[in-house]
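First the structure, then my questions, so here it is.
The numbers here are math on the coordinates, done by the rules we state, and not lab data. The structure presented is a predicted model; accordingly, all values stated were derived computationally and were not measured. Here Cβ is always computed from backbone atoms with ideal geometry, including for glycine, and neighbour counts include all displayed protein chains.
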Amino acid sequence: MWYREMGKRMTSPTEVSPVASLWTGGWWHAARPCPSPNFGARPAQAPIDLVLVHSISLPPGEYGGPHVQQLFTNGLDWDAHPYFQSIRGLQVSSHFFVCRKGVLWQFVSCDDRAWHAGLSHYRGRSNCNDDSIGIELEGTDTDAFTDAQYACLRQLCEALAQRYPIRYIAGHEHVAPGRKRDPGPGFSWSRLHASLSTLGWLFPADHAQEAGSSPTGSA
Ligand SMILES: [Zn+2]
């Protein structure tokens with residue numbers, strides 16, 4: 001059964017790599033599972049070819065607390081901090097969340113549709129939630145990210161590349177320009193690109209070249 005599923009997703013069973021075997025039903029074994037109710041089915045035949053990088057911290061700029069995990073599982077106490085009033089009732093999720101220390105959490109199976117992109121458009125398609133994998137980095141739109149986060153992100157991307165037909169990686173700011181600014185200028189795309197060069201993914205600058213537009217689009 002397991003091989004049949006893997007074969008459908010990727011390659012023939014004989015080509016399944018040890019890295020791919022670390023997945024069960026869209027859950028990566030190296031992540032701490034924290035299942036969220038905020039997900040749905042992907043459209044039939046959705047090609048999962050985009051990794052979307054975000055940043056988040058709750059309240060913004062405060063690190064190490066449990067509030068992001070609580071938000072993604074509808075367990076956040078909206079009265080616990082004044083900022084939370086501004087997001088009261090928000091029901092969102094991402095597939096993954098990388099803490100400042102490089103600890104990785106997973107909330108939604110990558111086979112399912114998480115709620116992280118909102119109104120979005122990229123590589124000629126809208127509604128990026130349908131066919132992307134969302135990775136939230138603990139941070140802000142302006143702060144730099146930690147070495148541990150880059151290391152975790154690299155490993156996660158390599159694992160995703162073994163399991164899904166990823167071709168693109170971009171930030172929320174690239175798929176929703178003018179509306180979203182994360183992960184922002186504190187994130188080094190060139191650093192990530194250098195560490196993932198063997199994957200052949202199209203990064204925002206590559207995509208802009210391919211699309212003949214500026215990296216952030218024309219909006
Ligand atoms: Zn975002």
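Compute, for region 30-211, the length of the dipole vector about the Cα centre, with Cβ point charges of +1 (Lys, Arg) and -1 (Asp, Glu) only. Units Debye, rounded to 20.
Using only the charged Cβ atoms, the result is roughly 200 debye.
If you don't mind, there's one more thing I want to ask. Could you work out the helix-only [θ] at 222 nm for the chain, with each DSSP H run of four or more residues adding -39,500 (n - 2.57) and the total divided by the number of residues, to the nearest 500 deg cm²/dmol?
Helix-only estimate at 222 nm: -6000 deg cm²/dmol.
Could you tell me the ratio Rg/Rh of the chain? Both radii from Cα atoms, Rh via Kirkwood.
Answer for the chain: 0.95.
Hey, if you put +1 on the Cβ of every Lys and Arg and -1 on every Asp and Glu Cβ in the chain, which of Ala205, Ile166, Pro59 ends up farthest toward the positive end of that dipole?
Selected residue: Ile166.
Can I ask one more? At 0.36 nm per residue, minus the direct Cα-Cα distance, what do Ala151 and Gln85 gain on full extension? Give it in nm, one decimal, please.
Extending this stretch completely gives an extra 20.4 nm.
Along the charge dipole of region 72-219, Cβ charges K/R +1 and D/E -1, which of Ile135, Tyr122, Cys152 sits furthest on the positive end?
Comparing the listed Cα positions along the dipole, Tyr122 ranks first.
Give the percent of DSSP beta bridges with both residues in the chain that are antiparallel, rounded to the nearest 5.
Roughly 35 percent of the beta bridges in the chain run antiparallel, per DSSP.
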